[in-house]
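Inspection log for the structure reproduced underneath, given as structure tokens.
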């Protein structure tokens, strides 16, 4: 027996491939990535769909980026930056020795062309695009200035600390100026960036092929190629993952994820995303004006059950207006406990008229933060009924729904936010300040106008020290908690399902990762 | 060949296309849903939406929008896709060819097996073979394509990996695109490996797509054959001492083919425009999926382009069916 053991150990140590298979990164191989649909445009400055972004961020880089597994800002094509005294001018020092995939050198001019085409109507490339999401990208930038070959300045319209997060978003890629001039409005079909993978070909509705950029400035990608394969049928996608036809499968439903978890060859990683699903309470409606009524609604809803029933466990309950994966989250806040008795008492104290029927608006489309809106609405309706409140479920088509809620026509409405640029400002100022509570077109659909809260979040926009800003945001969250303009419901979990042959698979809380460091066992 | 007749039918096509273009244009704009809103989603501010609508020309009157559309369509420009910004023709062409390849393969399977089974059933009426094929035909017509496709993948790709489960070629295999039809391009570039790979990928989806037409064709062939085999001229042929298979194929099948050709024509039209389910299950990059996606995204130009192409295909197939009648039955004359 002992002899056999020795022999076996010897044999294993003689096969380095076998012994080190799981922990020694190897280079080579093709990563096949199954997903639900095709990309629309690989000019990320114009992309508004997740499938375009997933592919595009392998090809392009930005001045700054989010961490591989967090939403914290790190340098990328800019090595350092500083902000002027008045908070209006940002100076970025650029990385040297970087070239685009087409051989064009990366420099300040490339940054200028990539940004000016979006904001400057006179820029020759401006007419090539639709530049739809200015509020999340460069809308706050007044001017882009080339200082020298490797220094660029951005001048903002007002002091705006969240700018860094905007620059890290997919919407601000640095694109080869030569390619932009050559491909004009078709640059989305011929992406040229500086990233670890370069574009090879795109067969529409079928596959996008990328290959390693051998001239990459940093750590070169581990796999030779990435093929992003469109597999629209979710069951087929699951079978493709189980059979090893694809290495990663996106957007599987909860039942499929449960199957993947049981499969010894497959791996699942999950973490809370940056999104939030919420129930907004229209603070301008007489019935909901009293804060005790709103607090009562918060006490009436059992979020834990909601998450089990609707999200099948793939979510965490929300207590603040943004997720714990974003900095500035106030974890000291004690959530409103599920307590129907207390809710009833609060309603009675407030003199709530139990004969009023409130409208509860349910979203007509499902989103990650609200996978089954109608079921959710029915559940909330039942919870409200249990404390004596009558609610009627109201539905519209999506376009009408957004328009009418932005007009404040609802009593209570369900909505959510995918997370935008993952800066607290995006949630607190964007969705809850008095500035955005102006109808029509209010993003603050609770129409909640709290002067103290608004002052805090506006002040935070002008502070460039993260710690200082976080303090203000934590205070703002306390006011939000006390006043209950929303009942925050849940932050859905983000999940990545893949074959165990893959290693070092990252998962950023917004689900958008470069697969530069991922390697595949032979 | 009645060329004048063909010419007149082609002229009619122009009228049909005009009618279809007006109908599709209006219907698309009558259904609720704003392309700009769908494109931008909930991130968009009202100003951004307004600006995008303006850029897409959606803020102009319907008459002006239709005029712009027809004017460029007449010049061969079907417009630009709202979602991708690429010319619609460029988007449609490769997908149409993928669909044509799948549909033709399915039609070949449906015709060979459907007609064959139908003939044998008719000849051996009330035999075990007859009952079995007609039972299978009933199953074929009533089986949901979706379920069949997934079962085939599960059994023949996952459990017993005999066939690839998706796409037109193995990933990473490349051939120069000449016609866009994988099998033809493989032949043109003398690549037997690619030809085999393409065929291998084609079998499961084509078989899935073929089940319904195959079943229909088998049943029609059977009843039509039974009718023909009862005719006097068949009895005469047999009395002359002709070989039984010659009687069945030349005297019987040829005369029984008229209703079958009609059904085949109709089915080909349907397959070309409606292979959505099969394309979705087998990740086949075809036109059916594209139309559905475009419709969901209210991509007006893309949907309009696809529907016009379907109208052309349907009209041409009908014309072809009429012409095949003349070839099959010399008694049929086209009235000029």
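Could you tell me whether residue A:457 is part of a helix (DSSP H, G or I) and modelled with pLDDT of 95 or more?
yes
Go through (1) within 30 Å of residue A:186 (Cβ to Cβ); (2) at pLDDT below 85 for residue B:62 and report which single condition fails.
Only one criterion in (1) within 30 Å of residue A:186 (Cβ to Cβ); (2) at pLDDT below 85 is unmet by residue B:62, namely (2).
Considering each of A:380, A:333 in turn, give the residue that is surrounded by 14 or more Cβ atoms within 10 Å (Cβ to Cβ), closer than 28 Å to residue A:494 by Cα, modelled with pLDDT of 95 or more and within 24 Å of the chain's Cα centre (by Cα).
Exactly one of A:380, A:333 is surrounded by 14 or more Cβ atoms within 10 Å (Cβ to Cβ), closer than 28 Å to residue A:494 by Cα, modelled with pLDDT of 95 or more and within 24 Å of the chain's Cα centre (by Cα), namely A:333.
Counting only residues that are within 30 Å of residue A:50 (Cα to Cα), give me the helices (runs of 4 or more DSSP H) lying completely in the range A:328-408 with at least 3 of them.
In the range A:328-408, the matching helices (runs of 4 or more DSSP H) lie at A:373-386, A:398-405.
Is it true that residue A:139 is under 30 Å from residue B:50 (Cβ atoms), in contact (Cβ under 8 Å) with a residue 24 or more places away in the chain and either crowded, with 17+ Cβ neighbours inside 10 Å or within 14 Å of chain B (Cβ to nearest Cβ) (or both)?
So residue A:139 does not fit the description; no.
Among the residues that make up the range B:127-142, is at least one of them surrounded by 18 or more Cβ atoms within 10 Å (Cβ to Cβ), modelled with pLDDT of 90 or more and more than 30 Å from residue B:218 (Cβ to Cβ)?
Checked the range B:127-142: no residue is surrounded by 18 or more Cβ atoms within 10 Å (Cβ to Cβ), modelled with pLDDT of 90 or more and more than 30 Å from residue B:218 (Cβ to Cβ).
Residues that are within 30 Å of residue A:458 (Cα to Cα), surrounded by 14 or more Cβ atoms within 10 Å (Cβ to Cβ) and either free of Cβ contacts under 8 Å to residues at least 60 places away in the same chain or outside the structural domain of residue A:138 (by TED's automatic domain parsing) (or both): does the range A:103-110 have at least one?
No: the range A:103-110 contains no residue that is within 30 Å of residue A:458 (Cα to Cα), surrounded by 14 or more Cβ atoms within 10 Å (Cβ to Cβ) and either free of Cβ contacts under 8 Å to residues at least 60 places away in the same chain or outside the structural domain of residue A:138 (by TED's automatic domain parsing) (or both).
Show me the helices (runs of 4 or more DSSP H) found entirely inside the range B:1-57 where at least 2 residues are without any contact (Cβ under 8 Å) to a residue 12 or more places away in the chain, in contact with a helix residue (DSSP H, G or I) (Cβ under 9 Å, 6 or more places away or on another chain) and within 11 Å of chain A (Cβ to nearest Cβ).
Once the helices (runs of 4 or more DSSP H) in the range B:1-57 are filtered for at least 2 residues that are without any contact (Cβ under 8 Å) to a residue 12 or more places away in the chain, in contact with a helix residue (DSSP H, G or I) (Cβ under 9 Å, 6 or more places away or on another chain) and within 11 Å of chain A (Cβ to nearest Cβ), what remains is B:46-56.
Residue check: is residue A:405 assigned by TED's automatic domain parsing to the domain that holds residue A:384 and without any contact (Cβ under 8 Å) to a residue 24 or more places away in the chain?
When the stated conditions are applied, residue A:405 does not pass them.
Only residues that are touching a strand residue (DSSP E or B) at 6+ places or on another chain (Cβ under 8 Å) and either under 16 Å from residue B:157 (Cβ atoms) or facing chain B (nearest Cβ under 7 Å) (or both): list them for the range A:236-253, please.
A:237, A:238, A:240, A:241, A:242, A:244, A:245, A:246, A:249 - these are the residues of the range A:236-253 that are touching a strand residue (DSSP E or B) at 6+ places or on another chain (Cβ under 8 Å) and either under 16 Å from residue B:157 (Cβ atoms) or facing chain B (nearest Cβ under 7 Å) (or both).
Restricting attention to the range A:395-436, report how many residues are away from chain B (no Cβ under 13 Å) and farther than 18 Å from residue A:488 by Cα.
So the count comes out to 3.
The rows are residues; the columns are (1) over 22 Å from residue B:146 (Cα atoms); (2) touching a strand residue (DSSP E or B) at 6+ places or on another chain (Cβ under 9 Å); (3) surrounded by fewer than 21 Cβ atoms within 10 Å (Cβ to Cβ).
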residue	(1), (2), (3)
B:222	yes, no, no
B:255	yes, no, yes
B:261	yes, no, yes
B:269	no, no, yes
B:278	no, no, no
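Yes/no per residue for (1) within 24 Å of the chain's Cα centre (by Cα); (2) outside any helix (DSSP H, G or I):
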residue	(1), (2)
B:235	no, no
B:238	no, no
B:241	no, yes
B:246	no, no
B:249	no, no
B:254	no, no
B:259	yes, no
B:262	yes, no
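Which one of the conditions (1) surrounded by 18 or more Cβ atoms within 10 Å (Cβ to Cβ); (2) more than 14 Å from every other protein chain (Cβ to nearest Cβ); (3) closer than 24 Å to residue A:508 by Cα; (4) modelled with pLDDT of 95 or more does residue A:281 fail to meet, given that it meets all the rest?
Here residue A:281 meets the rest and fails (3).
Give the residues of the range A:15-32 that are modelled with pLDDT under 50 and either farther than 14 Å from residue A:503 by Cα or in contact with a strand residue (DSSP E or B) (Cβ under 6 Å, 6 or more places away or on another chain) (or both), sorted by residue number.
A:15, A:16, A:17, A:18, A:19 - these are the residues of the range A:15-32 that are modelled with pLDDT under 50 and either farther than 14 Å from residue A:503 by Cα or in contact with a strand residue (DSSP E or B) (Cβ under 6 Å, 6 or more places away or on another chain) (or both).
Are any residues in the range B:286-315 outside any helix (DSSP H, G or I) and either without any contact (Cβ under 8 Å) to a residue 60 or more places away in the chain or surrounded by 24 or more Cβ atoms within 10 Å (Cβ to Cβ) (or both), and if so, which ones?
Across the range B:286-315, the qualifying residues are B:286, B:299.
List the strands (runs of 3 or more DSSP E) inside the range A:159-235, counting only whole elements, that have at least 2 residues being away from every other protein chain (no Cβ under 14 Å).
Hits in the range A:159-235: A:197-203.
Of the residues B:322, B:232, which is modelled with pLDDT of 90 or more, surrounded by fewer than 19 Cβ atoms within 10 Å (Cβ to Cβ), more than 30 Å from residue A:230 (Cβ to Cβ) and not assigned by TED's automatic domain parsing to the domain that holds residue B:38?
B:232
The values are calculated or read from the model by the stated rules, or taken from the named source; none is laboratory data. The structure displayed is predicted, hence computed values, not measured ones. Here the Cβ is made from the backbone with ideal geometry for all residues, glycine too, and neighbour counts use every protein chain on show.
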